[in-house]
Amino acid sequence: MLDFTIEPDFQAKLDWAAAFVRTEVEPLDLLFPHGGDPYDTRNEKARAILRPLQDQVREQGLWACHLGPELDGPGYGQVKLALLNEILGRSYWAPTVFGTAAPDTGNAEILAMFGTAEQKARYLQPLLDGEIVSTFSMTEPQAGADPKEFVCRAWRDGDEWVIDGEKWFSSNARYAAFLIVMAVTDPDAPPHKRMSMFIVPSETPGIEIKRNVGTMDERENLDEGIHAYIRYHQVRVPLDAMLGGPGEGFKVAQARLGGGRVHHAMRTVGKCTRAFDMMCERALSRRTQGTLLADKQAVQQFIADSWVELQQFRLLVLHTAWIIDTQPHGAARTQIAMCKVQTAKVLHDIIQRAVHVHGSLGTTGELPLAKWWMAAPNLALADGPTEVHRTTIAKQLLKNYRPAEGLFPSEHIPPKLEAARKRYAHIINDDALSGRVDA
């Protein structure tokens with residue numbers, strides 16, 4: 001039975017979080033607006049504001065809610081996490097304040113599942129406590145996110161692994177205490193068994209950040225980029241630095257992605273809701289050509305289309321979260337891909353309309369809309385390009401179908417009509433019944 005109600009106790013937590021994010025967290029977006037600010041543990045002023053806010057989140061039992069009870073988390077499940085992330089999506093700083101910032105959440109899961117006791121003590125606990133940040137170093141400059149094209153290698157040399165090669169777009173590497181690196185350990189193995197995963201302390205000799213690349217809203221001349229282009233010069237780590245077994249890098253990577261995509265999608269719902277609120281307020285506040293913008297049919301269509309798309313997307317994400325919570329691992333693969341496909345599109349379309357309703361003001365830095373809009377291309381590429389996920393969806397759906405038998409489609413009318421006539425021939429050919437009907 002379908003039930004869209006939320007438990008009263010958890011709804012109270014959501015209400016607290018919504019008010020807290022609006023009043024206490026959103027100001028951080030203005031005071032520390034650059035992409036790397038939430039991850040820069042050396043910024044003493046930002047941390048002096050951040051720590052008391054994190055303490056308040058802990059007091060409410062909402063810290064690091066993605067964690068299960070085995071890691072001292074509440075074990076809320078994906079539906080509750082989605083509802084919370086909808087609120088966190090309003091603010092760039094909110095995930096850090098609530099202990100759920102990427103890529104740290106996924107890296108924490110990897111360490112929890114595959115790390116040694118020493119690694120958990122050194123890296124996992126400080127990561128969970130918000131004291132350090134981390135990097136997931138997977139994509140490569142010649143390959144993007146396609147693991148079949150990776151060439152960064154690792155080989156065993158005595159009691160050490162040696163990592164050599166380049167990685168591209170390793171987020172937050174300039175601030176990270178450690179990096180989780182995917183490297184090819186068996187180039188002759190099948191594509192998904194060629195790679196292994198390693199934990200590499202950031203102070204390890206041989207790690208060179210060639211440059212920190214700036215995206216659309218980051219100014220490279222001011223060194224605001226946070227996505228590192230890294231060269232690993234025969235970086236040496238101990239044998240127990242491998243996370244999982246040899247050749248299990250792809251498996252380890254997949255273990256961290258599903259829930260994260262749902263979280264990104266629901267945060268997008270929250271951001272789009274904020275943009276929608278701005279659009280409606282503007283429509284009721286600005287006049288042109290003698291009437292309010294709200295009276296213009298084009299603006300009314302903007303509002304209607306945006307709300308319909310937002311609600312459709314929100315239900316898709318919540319349904320995906322429900323499948324993850326209630327069905328076997330992997331059952332939500334198609335739905336997760338659907339969320340990924342729609343995330344960037346919904347963000348782009350709704351914020352684009354909000355920008356238009358605000359006119360020139362919407363394109364400036366005096367509103368958050370332009371910066372949000374510039375995030376859409378990155379969302380379409382992060383965790384795999386949208387096109388790849390569309391292919392995944394199509395392949396999964398086509399498994400439920402079979403080719404038509406014979407020359408014509410199964411819905412071809414002539415044979416179906418003939419079959420219908422045969423099935424009900426005793427009625428159709430009953431002259432007495434036909435006479436009564438005619439009468």
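The values are calculated or read from the model by the stated rules, or taken from the named source; none is laboratory data. Predicted, not measured: the structure shown is a model, and the values here were computed from it. Virtual Cβ from ideal backbone geometry, glycine too; neighbours counted across all protein chains shown. What goes into the accessible areas is simple: the full protein's heavy atoms, side chains included, and nothing from ligands, DNA or RNA. Shrake-Rupley method; radii C 1.70, N 1.55, O 1.52, S 1.80 Å.
Consider the range 134-156. How many of its residues are open to solvent by 10 Å² or more (accessible area, probe 1.4 Å) and either under 25 Å from E44 (Cβ atoms) or not small (G, A, S) (or both)? Give the steps one after another, and end with the answer.
Let us first name the residues in the range 134-156 that are open to solvent by 10 Å² or more (accessible area, probe 1.4 Å), namely 136, 138-139, 141-149, 151, 153, 155-156.
From the residues that got through so far, the ones that are either under 25 Å from E44 (Cβ atoms) or not small (G, A, S) (or both) too are 136, 138-139, 141-142, 146-149, 151, 153, 155-156.
Residues that pass the stated criteria total 13.
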* Could we say that A173 is crowded, with 22+ Cβ neighbours inside 10 Å, outside any helix (DSSP H, G or I) and in contact with a Leu (Cβ under 8 Å, 6 or more places away or on another chain) here? -> yes
* To do: Only residues in the range 278-289 that are in contact (Cβ under 8 Å) with a residue 24 or more places away in the chain count as the first member; pair them with residues that are of a type in the set (F, W, Y), Cβ under 8 angstrom, at least 6 apart or cross-chain, and list the lot.
  => M279/F302
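Counting only residues that are out of contact with any Leu (no Cβ under 9 Å at 6 or more places or on another chain) and not aliphatic (A, V, I, L, M), which one in the range 117-132 is least open to solvent (accessible area, probe 1.4 Å)? Walk me through how you get there before you give the answer.
We begin by selecting, within the range 117-132, every residue out of contact with any Leu (no Cβ under 9 Å at 6 or more places or on another chain); these are 117-118, 121-122, 125-126, 129, 131-132.
Then drop every residue that is not not aliphatic (A, V, I, L, M), which leaves 118, 122, 125-126, 129, 131.
Working: E118: 130, R122: 118, Q125: 88, P126: 23, D129: 56, E131: 117 Å².
Result: P126.
Each row is one residue, and each column tells you yes or no for (1) hydrophobic (A, V, I, L, M, F, W, C); (2) more than 15 Å from the chain's Cα centre (by Cα); (3) in a helix (DSSP H, G or I).
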position	(1), (2), (3)
I303	yes, yes, yes
Q311	no, yes, yes
R314	no, no, yes
W322	yes, yes, yes
P328	no, yes, no
D349	no, yes, yes
A354	yes, yes, yes
G359	no, yes, yes
* Structure fact -> Filtering the range 395-423 for residues that are of a type in the set (F, W, Y) and either modelled with pLDDT under 95 or under 29 Å from A337 (Cα atoms) (or both) leaves a count of 1
* Tell me which of these A173 doesn't satisfy, since it passes every other one: (1) within 16 Å of A253 (Cβ to Cβ); (2) at pLDDT 95 or above. => (1)
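Does E109 count as in contact with a Lys or Arg (Cβ under 6 Å, 6 or more places away or on another chain), open to solvent by 10 Å² or more (accessible area, probe 1.4 Å) and either assigned to a helix (DSSP H, G or I) or basic (K, R) (or both)?
On the way: in contact with a Lys or Arg (Cβ under 6 Å, 6 or more places away or on another chain): yes; open to solvent by 10 Å² or more (accessible area, probe 1.4 Å): yes; either assigned to a helix (DSSP H, G or I) or basic (K, R) (or both): yes.
Against the criterion (in contact with a Lys or Arg (Cβ under 6 Å, 6 or more places away or on another chain), open to solvent by 10 Å² or more (accessible area, probe 1.4 Å) and either assigned to a helix (DSSP H, G or I) or basic (K, R) (or both)), E109 qualifies.
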* To do: Return a yes/no flag: does the range 219-227 have any residue that is in a strand (DSSP E or B), open to solvent by 30 Å² or more (accessible area, probe 1.4 Å) and over 25 Å from Q125 (Cα atoms).
  => no
* Structure fact -> Within the range 416-434, residues being of a type in the set (D, E), open to solvent by less than 100 Å² (accessible area, probe 1.4 Å) and over 30 Å from A404 (Cβ atoms) number 1
* Answer yes if at least one residue in the range 113-129 is touching a residue at least 60 places away in the same chain (Cβ under 8 Å), among the hydrophobic types (A, V, I, L, M, F, W, C) and under 30 Å from L369 (Cα atoms), and no otherwise. => no
* Mind checking which pairs have a first residue in the range 306-333 that is closer than 17 Å to I87 by Cα and touching a residue at least 12 places away in the same chain (Cβ under 8 Å) and a second that is charged (D, E, K, R) and crowded, with 18+ Cβ neighbours inside 10 Å, Cβ under 8 Å, 6 or more apart or different chains? -> R314/E86
* Determine which member of the set Y92, Y76 is within 23 Å of L381 (Cα to Cα) and among the aromatic types (F, W, Y). => Y92
* To do: Can you confirm whether the range 40-48 contains a residue that is within 29 Å of M138 (Cβ to Cβ), of a type in the set (S, T, N, Q) and assigned to a loop (DSSP other than H, G, I, E, B)?
  => yes
* Looking only at the range 218-241, count how many residues are under 20 Å from M182 (Cβ atoms) and under 26 Å from the mean Cα position of the chain (by Cα). => 5
* Just for the range 60-106: of the residues that are in a loop (DSSP other than H, G, I, E, B) and either in contact with a strand residue (DSSP E or B) (Cβ under 6 Å, 6 or more places away or on another chain) or charged (D, E, K, R) (or both), which one is surrounded by the fewest Cβ atoms within 10 Å (Cβ to Cβ)? -> D72
* **Contacts under 8 angstrom Cβ, first residue in the range 259-277 being over 16 Å from A102 (Cα atoms) and aromatic (F, W, Y), partner open to solvent by less than 20 Å² (accessible area, probe 1.4 Å) and assigned to a helix (DSSP H, G or I), 6 or more apart** => F276/S306; F276/L310; F276/I350; F276/A354
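Looking at the range 157-168, can you tell me whether even one residue there is in a helix (DSSP H, G or I), surrounded by fewer than 22 Cβ atoms within 10 Å (Cβ to Cβ) and on the phi < 0 side of the Ramachandran plot?
Looking only at the range 157-168, we keep the residues that are in a helix (DSSP H, G or I), and these are none.
No - not one qualifying residue is present in the range 157-168.
Is it true that V57 is under 22 Å from F32 (Cα atoms), β-branched (V, I, T) and in a helix (DSSP H, G or I)?
On the way: under 22 Å from F32 (Cα atoms): yes; β-branched (V, I, T): yes; in a helix (DSSP H, G or I): yes.
It is true that V57 is under 22 Å from F32 (Cα atoms), β-branched (V, I, T) and in a helix (DSSP H, G or I).
Those residues that are part of a loop (DSSP other than H, G, I, E, B), open to solvent by 90 Å² or more (accessible area, probe 1.4 Å) and under 29 Å from L284 (Cβ atoms), I need them from the range 361-407; list them, please.
We begin by selecting, within the range 361-407, every residue part of a loop (DSSP other than H, G, I, E, B); these are 364-368, 374-375, 382-385, 399-407.
Next, only the ones that are open to solvent by 90 Å² or more (accessible area, probe 1.4 Å) stay: 366, 399-403, 405, 407.
The one that is part of a loop (DSSP other than H, G, I, E, B), open to solvent by 90 Å² or more (accessible area, probe 1.4 Å) and under 29 Å from L284 (Cβ atoms): E366.
Can you confirm whether the range 42-58 contains a residue that is open to solvent by less than 20 Å² (accessible area, probe 1.4 Å), more than 21 Å from the chain's Cα centre (by Cα), modelled with pLDDT of 95 or more and small (G, A, S)? Even if it seems obvious, please write down each step before you answer.
Initial filter on the range 42-58 (open to solvent by less than 20 Å² (accessible area, probe 1.4 Å)): 46-47, 50, 53-54, 57.
From what's left, more than 21 Å from the chain's Cα centre (by Cα): 46-47, 50, 53-54, 57.
From what is left, the residues that are modelled with pLDDT of 95 or more are 46-47, 50, 53-54, 57.
Checking which are small (G, A, S) leaves us with 46.
Within the range 42-58 (the criterion being open to solvent by less than 20 Å² (accessible area, probe 1.4 Å), more than 21 Å from the chain's Cα centre (by Cα), modelled with pLDDT of 95 or more and small (G, A, S)), the answer is yes, since at least one residue qualifies.
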